[in-house]
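Contents: one structure, followed by commentary.
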Amino acid sequence: MSNSIYKLSIAAALVMISGNSAMAQDKSTARNLSMSEAIDLSLKNSKQLKLSSAKVEEAVANHKQMWDNHLPDASISGSYIKLNTPDVNMKLKLGSSSSGGGGALKVDQITYAMANVTMPLFSGFRIKYGVESAKYLEQAAKLDADNDKEEVIQNTISAYSNLYKSLKTIDLIKENLKQQQQRVTDFSNLEKNGLIARNDLLKAQLQQSNIELSLLDAQNNYNIACINMNLMLGLPEDASLLPDSNGFIKQYEEGSIVQWEEAAMKNRKDFEALSYREKAAKASIKSTKGEYYPGLALTGGLIAADIPNVVTINSAANIGVGLKYDMASLWKTGAKVDAAKARLHQLEANEGMLNDRVHLQINQSYQNYILSRRKIDVYQKAIEQANENYRITKNKYDNNLVNTTDLLDADVAQLQANLNYMFAKADAAVAYKKLQQTAGTLTSDFQATR
């Protein structure tokens with residue numbers, strides 16, 4: 001008897017999510033929620049996707065920032081300087097004076113303004129490859145966001161499955177509880193008439209109490225599953241949800257492991273994102289090597305100045321070509337290039353690790369889905385066996401061939417079989433979606449079914 005009660009407690013705990021909450025609300029006030037609607041809401045309200053979107057925006061802005069390096073730099077500056085009346089002896093001849101010196105002038109202030117424009121003509125390819133690297137990193141960020149979207153969808157499906165299993169557990173336990181209550185009523189009448197022993201009635205009452213405790217656990221699990229789902233979907237925390245069982249009815253063909261691995265190599269967003277990061281790293285190496293070369297720029301500007309009693313300059317335009325070369329780059333750039341190459345080598349090593357990880361994930365997900373489908377067939381037979389076992393045991397009990405413990409054990413086995421079958425169908429659907437996520441096809445499959 002104790003072993004049967006333990007099995008029942010395990011069945012109720014399979015869908016438990018830690019925490020405490022209020023009792024489940026009446027179904028009449030609950031909101032019907034399909035799996036497709038749940039996925040839509042999760043994609044719309046996911047905080048993880050909002051973070052991914054912000055990262056994409058940052059990558060786009062960085063790409064634009066690097067591209068803006070093609071544009072000219074322009075600056076305007078001006079100053080007013082007050083002097084302490086220095087002695088200024090002009091060495092230039094002034095006017096028609098034949099004096100050898102220019103005479104002493106009183107200069108106590110200087111005012112000037114300058115406007116400069118610099119247009120880069122050649123920067124050792126630093127700008128070109130900097131823009132190229134930023135473009136690849138932008139593509140990688142977008143692919144990361146797509147990969148996060150698949151993860152959000154899978155998490156939503158798993159949470160939806162927990163919600164469905166918790167609600168179905170309540171339904172099955174309630175149905176079983178009605179049978180237990182009727183049995184206790186029948187046993188009470190039989191005990192009053194002296195047809196069964198007091199101990200048999202107590203066993204039936206204990207069974208009813210255990211079923212009631214299991215129902216309380218299942219209702220608590222449902223409430224917590226609702227809160228978890230509401231947080232994911234952006235719904236009020238106290239909203240009661242009714243999942244649609246249609247999302248767990250369809251069974252999918254398992255295909256072959258080779259097909260799934262080929263799909264993963266073709267569709268995995270993290271594979272593609274890593275490829276773009278490698279391209280960005282190669283462009284970064286070329287950009288760093290550009291520091292070995294000089295910079296060439298077209299310059300131009302205007303100058304205006306006023307030195308009282310000396311000179312006044314109005315709109316003096318200038319244009320020219322500037323050449324700049326940092327001699328220290330000859331001995332400093334090598335270390336920077338080595339660091340850029342090391343980052344590329346890390347990405348290449350990550351690619352090999354990711355390849356192995358994907359092969360393992362595909363095999364695990366594939367085997368889990370096959371196992372889930374086989375469990376459905378086994379548990380379906382187990383239901384038939386449990387029902388027949390209960391019928392035979394009940395018939396024997398009515399003919400005083402077995403005791404009350406045997407009857408209650410058969411009843412628990414019947415409930416356990418129904419719970420296992422229901423769990424197996426939900427788990428198979430989740431396992432297939434996990435296999436799709438591992439192969440990188442979950443998002444496209446969801447979009448195709450909308």
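No value in this document is a laboratory result; all are computed from the given coordinates. A quick note: this is a predicted structure, and the numbers were derived from the prediction, not measured. Quick reminder, even Gly has a Cβ in these numbers, built from the backbone with ideal geometry, and neighbours come from all protein chains shown.
Under unit Cβ charges (Lys, Arg +1; Asp, Glu -1), what dipole magnitude, rounded to 20 debye, does segment 342-450 have relative to its Cα centre?
On the way: 13 positive and 12 negative charges, 56 e Å.
Dipole of segment 342-450, to the nearest 20 debye: 260 debye.
Would you list the P(r) distribution for segment 337-420, with all Cα-Cα distances sorted into 5 Å bins from 0 and each bin expressed as a whole %?
The distribution over segment 337-420 is 3, 13, 12, 10, 8, 7, 7, 6, 6, 6, 5, 5, 4, 3, 3, 2, 1, 0, given as percents.
Please state the charge dipole magnitude for the chain, taken about the Cα centre, from unit charges on C-beta atoms (+1 on K and R, -1 on D and E), reported in debye and rounded to the nearest 20. Intermediate values should be presented prior to the final figure.
Values: 51 positive and 49 negative charges, 208 e Å.
Using only the charged Cβ atoms, the result is roughly 1000 debye.
Can you pull the three principal axis extents for the Cα set of the chain, in Å, largest first?
Principal-axis extents of the chain (Cα, largest first): 149, 49, 38 Å.
Residue 298 to residue 265: FRET efficiency via 1/(1 + (r/R0)^6), r the Cβ-Cβ distance, R0 45 Å, to the nearest 0.05?
On the way: r = 49 Å, r/R0 = 1.08.
Approximately 0.40, to the nearest 0.05.
Say the dipole of the chain comes from +1 at the beta carbon of Lys and Arg and -1 at that of Asp and Glu; which of 323, 355, 213 then lies farthest toward its positive end?
Of the listed residues, the answer is 323.
For the ranges 407-417, 271-281, 233-243, what's the packing order if you count other beta-carbon atoms within 10 Å of each residue, average per peptide, and put the highest first?
Working: 407-417: 22.4, 271-281: 19.8, 233-243: 16.6.
Per-residue mean Cβ counts within 10 Å order the peptides as 407-417, 271-281, 233-243.
Against the 2.2 N^0.38 Å scaling, with N counting residues, where does segment 165-286 land? I'd like the Cα-based Rg ratio to two decimal places. Write down the numbers at each step before the final one.
On the way: Rg = 27.3 Å, N = 122, 2.2 N^0.38 = 13.7 Å.
Taking the Cα Rg and dividing by 2.2 N^0.38 Å, one obtains 2.00.
Could you work out how far apart the two model spin labels at residue 117 and residue 174 are, taking each label as a point 7 Å from the Cα in the direction of the beta carbon, and quote it in nm?
Distance between the two pseudo-spin positions: 7.8 nm.
Describe numerically, in nm with one decimal, the distance between label points set 7 Å from Cα along Cα→Cβ at residue 355 and at residue 312.
It is 7.7 nm.
Quick one: Debye curve from the alpha-carbon atoms of segment 376-420 only, equal weights, vacuum; give me log10 I(q)/I(0) at q = 0.27 Å⁻¹ to two decimals.
Values, matching the q order: -0.85.
Putting +1 on Lys and Arg Cβ atoms and -1 on Asp and Glu Cβ atoms, find which of 345, 229, 252 reaches farthest to the positive end of the dipole of the chain.
So the residue we want is 345.
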